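Participant: Okay, handing you the structure first.
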Amino acid sequence: MFLSGLKHWWNRPCGVQDLMALALPLVLSTSFWTIMNFTDRMFLLWYSNAAMAASLPAGMLSFSVICFPLGVISYTSTFVAQYFGAGHPRRIGHMMWQAVWLAMFTAPLVLCTVPLAPWVFRLVGHEPAVATLEVTYYQVLAFGAGGVLLNGAGAAFFTGQGRTRVVMVVDGLAALLNVVLDYAWVFGCWGFPEGGIAGAAWATVVAQWSSVLMYAWVISRPYYNRRYAVAAGCRWDRALLARLFRYGGPNGLHWLVEVVAFTLFILLVGRLGETAMAATNLAFNVNSMAWFPMLGLGIALSTLVGQQLGANRPDMAARATWTALWIALLYMGFFALLYVATPNLFLLGHAAGTDPEQFEIIRDTTIVLLRFVAAYCLFDALNVIFCSAIKGAGDTRFVLLNVCLLSPLPVAATWYGIARLDFGLLWAWACITAWVCLLGLIYLARFVQGRWRSMRVIEPELLAPSERPTESCAATMDCEDDPRDEPLELTPRS
């Protein structure tokens, strides 16, 4: 009886099989970038504690500058998913180009922030040696901003269709290139100069632009032009861009507010000294091994929800969400146990290239911080899954309102505890833990409330006319826009 029920849970429409067909390539894709970030921080720790300490705040500030346009661009995947589910694939190429134009307009603006970096890091009051490295890291990363934004447009084009294996291959190759260049450029191997933290940043920039070239090569194939009207869609569309900003704008602002809050938290922790900053960086670096693959599951769920709502099947979208939740809880629960029971397992690589006595202080502090990570892991799963689900429907304004109201709280509490009450690192981590737990519970309540079921982001006249029962989440649809196209699959079969 149990095995029969498990088989049904696995095989039913929008069950584990359908969800993982989309999610596994994205989980692998985000895992590649996790490995890249992990090794990047590890090499920098081998190089110097100061370089390791500087990389996180400078990297977070760099991402903060581009996260609004990147959030808007990435939300293109929801439009693609709903156009795909509604059976209008030739709108997809036109939608992708709006994201590309936005990326090309934004990239030069990011470069204008380069001269401001010394003033910003001097203002936050970090140790002079660390602040100098932060400036260097930020200024080099700014040259990769255009690559990040264009990469987001390419990934959204394929993710929304359910062609997540393309994203997996592109990200895997770019991450591999980054790791190789990281080692060579940080330590000065194979003819590369010894660049330290600047070398790590340049390796990231090269990898980001390599992703853009790979996406451009794949999208230029005649197949995609014929089916998705890529060439014909290469024009600025004010109405469509306005629609993208209407729904993607709150998503971008959500990213901006959340990332700025997290960046301010990191900058406040930096006031506690190099050891506190390095341990915090290391704890987040270890947690990225669990969190980034979870993000891949969330992107897949958002795509599946968008496809099912585009086809007017909200019940299938709900089923996919609850399926994703169980997978997420099992996965994050496993890592939470490891963080408590075997924390040294995650620190072996970092310890290998450093002075044992010097690393011992950072190691002891990091082990304590990983207990905080274990405490909020399951709530972070709620956060990722339910936030992804309602954003896949178009409920981005609620997400923005929620983040705007709650994000100042951990920053203000951390600042007050450190600046006024002379509290230390544990107080700061208690604040961030409470924030993550509260966000997860609120997104759960919003999903259960169910308003997302009636939301759509694409034009109403393009929606499927009625809710249609289906035998599979991967049911086919006839494409009325181009009789030369074969039926479309909502999720690709292996």
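The values are calculated or read from the model by the stated rules, or taken from the named source; none is laboratory data. Everything quoted here is computed from the prediction, not taken from an experiment. Because the Cβ atoms are built from the backbone with ideal geometry, glycine has one as well, and the counts that use them run over all protein chains shown. These accessible areas exclude ligands, DNA and RNA; they are computed on the full protein's heavy atoms, side chains included. Shrake-Rupley method; radii C 1.70, N 1.55, O 1.52, S 1.80 Å.
Participant: Can you give me the orientation-averaged projected area of the convex hull built on the Cα atoms of segment 111-213, in nm²?
Facilitator: Orientation-averaged projected area of the Cα hull: 7.7 nm².
Participant: A further question on this structure: Find, among the trypsin sites (Lys or Arg not before Pro) in segment 223-329, those assigned to loop by DSSP (not H, G, I, E, B) with at most 11 other beta-carbon atoms within 10 angstrom.
Facilitator: Answer in residue order: Arg235.
Participant: Can you give the accessible area per residue of segment 354-466, in Å², using a 1.4 Å probe?
Facilitator: Roughly 45 Å² per residue, with all protein chains present.
Participant: Here's a follow-up. Under Stokes-Einstein, with the Kirkwood radius over Cα pairs standing in for Rh, what whole-number D in µm²/s applies to segment 331-450 at 10 °C and 1.306 mPa s?
Facilitator: Approximately 97 µm²/s, per Stokes-Einstein.
Participant: Before anything else, pin down the relative contact order of segment 1-139: Cα pairs under 8 Å, at least 6 apart, normalised by residue count, whole percent.
Facilitator: Computed value for segment 1-139: 27 percent relative contact order.
Participant: Summarise the long-distance tail of P(r) for the chain by giving the % of C-alpha pairs beyond 30 Å.
Facilitator: For the chain, the fraction of Cα-Cα distances above 30 Å is 46 percent.
Participant: Under the definition of Cα pairs under 8 Å and six or more residues apart, what whole-number percent is the relative contact order of the chain?
Facilitator: 25 percent
Participant: In terms of solvent-accessible area of protein heavy atoms at a 1.4 angstrom probe, what is the ranking of Glu357, Glu274, Glu134, highest value first?
Facilitator: In descending accessible area the options line up as Glu357, Glu274, Glu134.
Participant: By average Cβ neighbour count within 10 Å, what is the ranking of 159-166, 439-446 from highest down?
Facilitator: 159-166, 439-446
Participant: Among 249-262, 376-389, what's the highest-first ranking by average C-beta atoms within 10 angstrom per residue?
Facilitator: Averaged packing, sorted descending, gives the order 376-389, 249-262.
Participant: I've got another one for you. At a 1.4 Å probe radius, which order do Phe398, Phe192 fall into by accessible area, largest first?
Facilitator: Phe192, Phe398
Participant: Which whole-number percentage describes the relative contact order of segment 172-279, with Cα contacts under 8 Å and a sequence gap of 6 or more?
Facilitator: The value is 14 percent.
Participant: Keeping the other protein chains in place, figure out the carbon and sulfur percent of the accessible area of the chain, with a 1.4 Å probe.
Facilitator: Summing carbon and sulfur atoms, their accessible area is 68 percent of the total for the chain.
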